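Student: I have a structure I would like to understand better, so I am pasting it below and will then ask my questions one at a time.
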């Protein structure tokens with residue numbers, strides 16, 4: 001069953017790419033945010049089923065934003081999607097309470113993660 | 001360039017903090033560069049002030065001329081019958097004209113103040129943010145994608161600044177994507193060449209193919225070198241990995257057991273407490 005997903009990424013090109021992948025997987029885009037702060041605000045107003053979160057962003061980074069979202073909603077489903085090294089930052093994402101960490105090079109893996117969640 | 005070192009007397013554990021202090025000549029050069037950038041707007045405003053002043057002053061001097069007083073008095077007096085012409089007092093006309101002259105001077109002064117205020121506001125709210133924006137955009141164009149265009153400005157300028165930042169973010173994303181793919185390809189090439197070297201019969205791999213592999217490797221290395229010439233926002237490329245140059249804000253995270261599999265993991269209830 002398709003999910004309502006919020007995309008948080010500072011790059012419009014990446015947002016479009018993720019949007020296409022998710023829509024092809026039968027999901028709908030609840031909203032798009034270009035930084036962590038906007039992501040937290042949109043999460044509160046849109047209440048999406050899931051969030052895809054970049055790490056490096058201006059204003060508020062992905063980890064800080066994810067922590068804010070989880071503080072607001074303990075059941076928040078967040079998947080990190082970043083260019084940063086997965087081995088190094090995957091553990092950090094896990095500690096925050098995210099559902100997973102996907103490298104942008106293998107963005108399509110996100111569909112498998114969503115299906116498994 | 002002067003570097004001031006602040007050293008505290010604390011033995012071996014002294015911490016030296018270097019702070020850049022521009023000297024007088026550098027300050028003057030900076031001021032000159034700022035003036036050069038604002039030269040056009042300053043010239044336009046000066047011309048506007050000069051024009052306003054010239055028109056006003058021309059009018060005031062025209063009113064002040066004696067023959068104008070006489071001419072106006074004559075015109076008014078001609079409207080009266082001959083026997084009443086002598087009763088007409090020209091001093092009142094002169095007083096009225098002087099009053100108009102004073103009003104004109106007051107208006108001129110107010111206009112001058114308004115133009116100066118507009119010029120000040122224009123420079124502070126438009127020219128200065130544009131200056132900062134152009135300096136930041138120039139650095140971005142030079143490959144410093146770590147630069148951020150300031151967006152504390154009037155709405156129209158703020159929008160342009162945000163768009164420049166978006167362009168930089170997109171460029172960074174594309175470059176990192178290219179670099180990551182190149183890195184992955186290099187790993188694959190390494191694995192292929194390792195496997196071919198381990199073959200007992202080297203004749204299975206013709207020398208042309210080995211040379212082609214080397215060409216591909218060199219091309220990828222050049223592509224990576226091109227990407228590495230950029231400065232990225234909060235990211236650095238080291239030892240074949242993309243890492244954050246500043247630690248993302250997660251210092252308060254607690255240690256957690258490792259259960260990472262296929263990119264996904266189970267939420268640990270106590271992590272957020």
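Student: Can you find a residue that is under 38 Å from the mean Cα position of the chain (by Cα), farther than 28 Å from residue A:112 by Cβ and either more than 8 Å from every other protein chain (Cβ to nearest Cβ) or modelled with pLDDT of 85 or more (or both) anywhere in the range B:251-263?
Tutor: Looking only at the range B:251-263, we keep the residues that are under 38 Å from the mean Cα position of the chain (by Cα), and these are B:251-253.
Now restrict to residues that are farther than 28 Å from residue A:112 by Cβ: B:251-252.
Next cut, either more than 8 Å from every other protein chain (Cβ to nearest Cβ) or modelled with pLDDT of 85 or more (or both) only: B:251-252.
Yes, the range B:251-263 contains a residue that is under 38 Å from the mean Cα position of the chain (by Cα), farther than 28 Å from residue A:112 by Cβ and either more than 8 Å from every other protein chain (Cβ to nearest Cβ) or modelled with pLDDT of 85 or more (or both).
Student: Is it the case, given these coordinates, that residue A:94 is crowded, with 22+ Cβ neighbours inside 10 Å, at pLDDT below 95 and more than 19 Å from residue A:22 (Cβ to Cβ)? Please lay out each step first, then the result.
Tutor: Details: crowded, with 22+ Cβ neighbours inside 10 Å: yes; at pLDDT below 95: yes; more than 19 Å from residue A:22 (Cβ to Cβ): yes.
So residue A:94 fits the description; yes.
Student: Which ranges mark the helices (runs of 4 or more DSSP H) fully within the range A:1-103 that have 1 or more residues being at the interface with chain B (Cβ under 7 Å from one of its Cβ atoms)? Break it down into steps so the answer makes sense when it comes.
Tutor: Working: elements: A:12-24, A:36-46, A:62-72, A:86-96.
Here the list reads A:12-24, A:62-72, A:86-96.
Student: Moving to a separate point now. Taking into account only those residues within the range B:149-169 that are crowded, with 18+ Cβ neighbours inside 10 Å and facing another protein chain (nearest Cβ under 9 Å), which is farthest from residue B:219 (Cα to Cα)?
Tutor: The residue in question is B:165.
Student: What number goes with the only condition from (1) touching a helix residue (DSSP H, G or I) at 6+ places or on another chain (Cβ under 6 Å); (2) in contact (Cβ under 8 Å) with a residue 60 or more places away in the chain; (3) not in a helix (DSSP H, G or I) that residue B:146 does not pass?
Tutor: (1)
Student: Name the residue, out of B:111, B:107, that is surrounded by 14 or more Cβ atoms within 10 Å (Cβ to Cβ) and touching a residue at least 12 places away in the same chain (Cβ under 8 Å).
Tutor: Values: B:107 fails: surrounded by 14 or more Cβ atoms within 10 Å (Cβ to Cβ).
Exactly one residue qualifies, and that residue is B:111.
Student: May I pose another question? Examine the range A:11-31 for a residue that is buried (at least 21 other Cβ atoms within 10 Å of the Cβ), more than 29 Å from residue B:240 (Cβ to Cβ) and free of Cβ contacts under 8 Å to residues at least 40 places away in the same chain, and state whether such a residue exists.
Tutor: No, there is no match, as no residue in the range A:11-31 is buried (at least 21 other Cβ atoms within 10 Å of the Cβ), more than 29 Å from residue B:240 (Cβ to Cβ) and free of Cβ contacts under 8 Å to residues at least 40 places away in the same chain.
Student: For residue A:69, work out the one condition from (1) surrounded by 20 or more Cβ atoms within 10 Å (Cβ to Cβ); (2) under 20 Å from residue B:167 (Cβ atoms); (3) out of contact with any strand residue (DSSP E or B) (no Cβ under 6 Å at 6 or more places or on another chain) it doesn't fulfil.
Tutor: Residue A:69 satisfies every listed condition except (2).
Student: Would you confirm whether or not the range B:202-224 contains a residue that is loosely packed, with under 14 Cβ neighbours inside 10 Å, within 14 Å of chain A (Cβ to nearest Cβ) and without any contact (Cβ under 8 Å) to a residue 40 or more places away in the chain?
Tutor: No: the range B:202-224 contains no residue that is loosely packed, with under 14 Cβ neighbours inside 10 Å, within 14 Å of chain A (Cβ to nearest Cβ) and without any contact (Cβ under 8 Å) to a residue 40 or more places away in the chain.
Student: Please work out which residue is nearest to the other protein chains (Cβ to nearest Cβ), limiting yourself to the range A:104-114 and to residues that are touching a residue at least 60 places away in the same chain (Cβ under 8 Å) and more than 23 Å from residue B:241 (Cα to Cα).
Tutor: Keep residues of the range A:104-114 that are touching a residue at least 60 places away in the same chain (Cβ under 8 Å), which gives A:104, A:107-108, A:110-111, A:114.
Then drop every residue that is not more than 23 Å from residue B:241 (Cα to Cα), which leaves A:111, A:114.
Details: A:111: 11, A:114: 9 Å.
So, considering only residues that are touching a residue at least 60 places away in the same chain (Cβ under 8 Å) and more than 23 Å from residue B:241 (Cα to Cα), the one nearest to the other protein chains (Cβ to nearest Cβ) is A:114.
Student: Next question, about the same structure. Can you tell me how many residues within the range B:229-248 are surrounded by 12 or more Cβ atoms within 10 Å (Cβ to Cβ) and more than 14 Å from every other protein chain (Cβ to nearest Cβ)?
Tutor: Number of matching residues: 0.
Student: I would also like to ask the following. Can residue B:151 be described as part of a loop (DSSP other than H, G, I, E, B) and closer than 26 Å to residue A:56 by Cα? Explain how you work it out, then say what you get.
Tutor: Details: part of a loop (DSSP other than H, G, I, E, B): yes; closer than 26 Å to residue A:56 by Cα: yes.
For residue B:151, the condition - part of a loop (DSSP other than H, G, I, E, B) and closer than 26 Å to residue A:56 by Cα - is met.
The values are calculated or read from the model by the stated rules, or taken from the named source; none is laboratory data. Just so it is clear, the model here is predicted, and its values are computed rather than measured. As a convention, Cβ positions derive from the backbone with ideal geometry for all residues, glycine included, and neighbour counts pool all protein chains shown.
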